[in-house]
Amino acid sequence: QVQLVESGGGLVQPGGSLRLSCAASGSIFRLFTMGWYRQAPGEQRRLVASITTLGITNYADSVKGRFTMSRDNAKNTVYLQMNNLKPEDTAVYYCNKKDGVPWSWGQGTQVTVSS
C-alpha cells in the first residue's frame with residue numbers, strides 16, 4: 001500500500017502563492033496518473049489537477065491558469081504550484097491516483113486564503 005504525505009499548506013492572503021508537495025512511498029507511484037484534490041468544509045472532495053506518467057497535465061476550470069501541477073518520479077513526489085490564490089481556494093488539499101481505487105488518503109494539507 002502506498003502512503004501519501006502532503007505538505008506546504010498555510011495561511012496566505014488573496015493573490016498570494018503556495019507550493020504544495022505530496023511524497024509517496026514506493027516507486028510504484030511513477031506508474032500512475034496522479035491528481036491533486038481538495039475538500040472545502042461541507043463539500044465533497046474534488047479533483048483540481050492531474051498529471052499523467054508522461055507529464056501531461058489537466059486542470060479544473062476553477063484553477064486553470066493559476067495552478068501548475070508537476071511531478072518528480074525520482075523523488076516519488078508531485079507538486080502543486082498555486083498562484084493568484086482566491087478565498088474560494090480555501091480547502092484541505094490531498095493527492096492520490098486519478099483513476100481506479102484510490103490509495104489510502106493522507107492527512108492532507110490545509111490551505112487558507114484570507115485577508
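The values are calculated or read from the model by the stated rules, or taken from the named source; none is laboratory data. Note that the structure is predicted; figures quoted are calculated from it, not measured. In this analysis, Cβ positions are derived from the backbone assuming ideal geometry, glycine residues included, and neighbour counts consider all displayed protein chains. Side chains included, ligands, DNA and RNA excluded: accessible areas come from the protein's heavy atoms. Shrake-Rupley method; radii C 1.70, N 1.55, O 1.52, S 1.80 Å.
Details
- When both bridge partners sit in the chain, DSSP labels roughly 90% of those beta bridges antiparallel.
- Under the Karplus curve 6.51 cos²θ - 1.76 cosθ + 1.60, θ = phi - 60°, whole-Hz ³J(HN,Hα) for the range 67-77, x wherever Gly or Pro sits: 10, 9, 9, 9, 9, 10, 5, 5, 9, 6, 9
- Phi-based couplings in Hz for the range 53-64 (Karplus 6.51, -1.76, 1.60; Gly and Pro marked x): 5, 8, x, 7, 10, 8, 9, 5, 4, 5, 10, 4
- Surface share of carbon and sulfur [accessible, 1.4 angstrom probe, percent] for the chain: 49
- Rounded FRET efficiency, nearest 0.05, which uses the C-beta distance separating Val101 from Ala40 and R0 of 30 Å: 0.80
- About the Cα centre, charge dipole magnitude for the chain (Lys/Arg +1, Asp/Glu -1 at Cβ), debye: 180
- Backbone amide hydrogens, once placed in the peptide plane, bring Phe32 within less than 5 Å of nothing, excluding anything fewer than 5 places away on its chain.
- Theoretical gain in end-to-end length, Arg66 to Ser115 [0.36 nm per residue, Cα-Cα removed]: 15.8 nm
- Distant-in-sequence amide contacts of Gly16, defined by a placed amide H-H separation under 5 Å and a gap of 5 or more residues or a different chain, comprise Leu85.
- Amide H contacts of Gly108 (H built 1.01 Å from N, under 5 Å, at least 5 apart or other chain): Glu6
- Ligands, DNA and RNA are left out, and with a 1.4 angstrom probe the accessible area of the chain is 52 Å² per residue.
- Within the listed set Leu85, Leu20, Leu31, the residue fluctuating most in the Gaussian network model of the chain (springs between alpha-carbon atoms under 10 angstrom) is Leu31.
- Relative contact order (%) - criterion: Cα under 8 Å, at least six apart; region: the chain: 38
- Of Tyr94, Gly108, Thr68, farthest towards positive along the dipole that unit charges on Lys, Arg, Asp, Glu beta carbons give the range 65-115: Thr68
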